[in-house]
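Chemist: Could you have a look at this structure, given as structure tokens, before my questions?
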Amino acid sequence: MPLPLAPIAGFAVRYGAVALATYAIARRVDHAPRDQRGEDALDELNEGLAVRRGDGQTNGSARFRRVIRLGASGPGIEVDATALGRVRFRRV
């Protein structure tokens with residue numbers, strides 16, 4: 001029984017186009033240098049979500065840190081997602 005290639009070819013073209021676009025974008029993105037002061041600030045954040053207001057600005061921070069394991073004693077990976085944000089409005 002022959003294998004129908006038309007549906008498979010459509011998926012291959014679609015995913016190939018996505019892969020090519022992703023590759024092209026990744027090549028054009030500049031790599032930023034690592035700022036140790038920023039790394040230290042992210043490491044010092046407490047876990048959870050916090051919002052502060054004052055002096056005409058609002059600051060927010062969030063940290064999610066978990067260890068995910070496959071099985072009771074299986075291999076694991078630590079996920080540490082940290083974000084800082086600031087919104088400031090000034091009259092000019």
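Chemist: Where in the chain are there chymotrypsin sites (Phe, Trp or Tyr not before Pro) that are in a DSSP coil and have at most 14 other Cβ atoms within 10 angstrom of their Cβ?
Modeler: Filter output for the chain: Phe89.
Chemist: Ok, one more. Quick one: if the Förster radius is 25 Å, what FRET efficiency do Ala50 and Val79 give, using the C-beta to C-beta distance and rounding to 0.05?
Modeler: Calculated transfer efficiency: 0.85.
Chemist: Report relative contact order for the range 5-88 in percent, whole number only (criteria: Cα-Cα under 8 Å, sequence separation at least 6).
Modeler: 21
Chemist: Can you give the calculated 222 nm mean residue ellipticity of the chain, where each DSSP H run of n ≥ 4 adds -39,500 (n - 2.57) and the sum is split over every residue, rounded to the nearest 500 deg cm²/dmol?
Modeler: Estimated from H runs of four or more residues: -11500 deg cm²/dmol.
Chemist: Next question. So what does the Cα-only Debye profile of the range 1-88 read at q = 0.13, 0.14, 0.19, 0.24 Å⁻¹, as log10 I(q)/I(0), no solvent term?
Modeler: -0.82, -0.87, -0.99, -1.10
Chemist: Quick one: what are the phi-derived ³J(HN,Hα) couplings along the range 57-69, Karplus 6.51/-1.76/1.60 with θ = phi - 60°, whole Hz, x for glycine and proline?
Modeler: Going residue by residue, I get 9, 10, 10, x, 9, 8, 9, 10, 9, 9, 10, 10, 10 Hz, with x marking Gly and Pro.
Chemist: Further question on the same structure: In the chain, which GluC sites (Glu not before Pro) are in a loop and have at most 14 other Cβ atoms within 10 Å, using DSSP for the loop call?
Modeler: Glu44, Glu47
Chemist: Could you work out how far helix 5-28 tilts from the main Cα principal axis of the chain, as a 0 to 90 degree angle to the nearest 10?
Modeler: With both axes taken from Cα atoms, the answer is about 30 degrees.
Chemist: While we're here: Starting from the range 47-92, pick out the trypsin sites (Lys or Arg not before Pro) whose DSSP state is loop and whose Cβ has at most 11 other Cβ atoms within 10 Å.
Modeler: Those satisfying the criteria are Arg90, Arg91.
Chemist: Return the FRET efficiency for the residue pair Asn59, Ala21: r is the Cβ-Cβ distance, R0 is 25 Å, and the value is rounded to the nearest 0.05.
Modeler: Between Asn59 and Ala21 the formula returns 0.10.
Throughout, read-outs are computed from the coordinates displayed, never taken from laboratory work. Keep in mind that this is a model prediction, so the values were computed, not measured. Cβ coordinates were reconstructed from backbone atoms using ideal geometry, including for glycine residues, and neighbour counts include every protein chain displayed.
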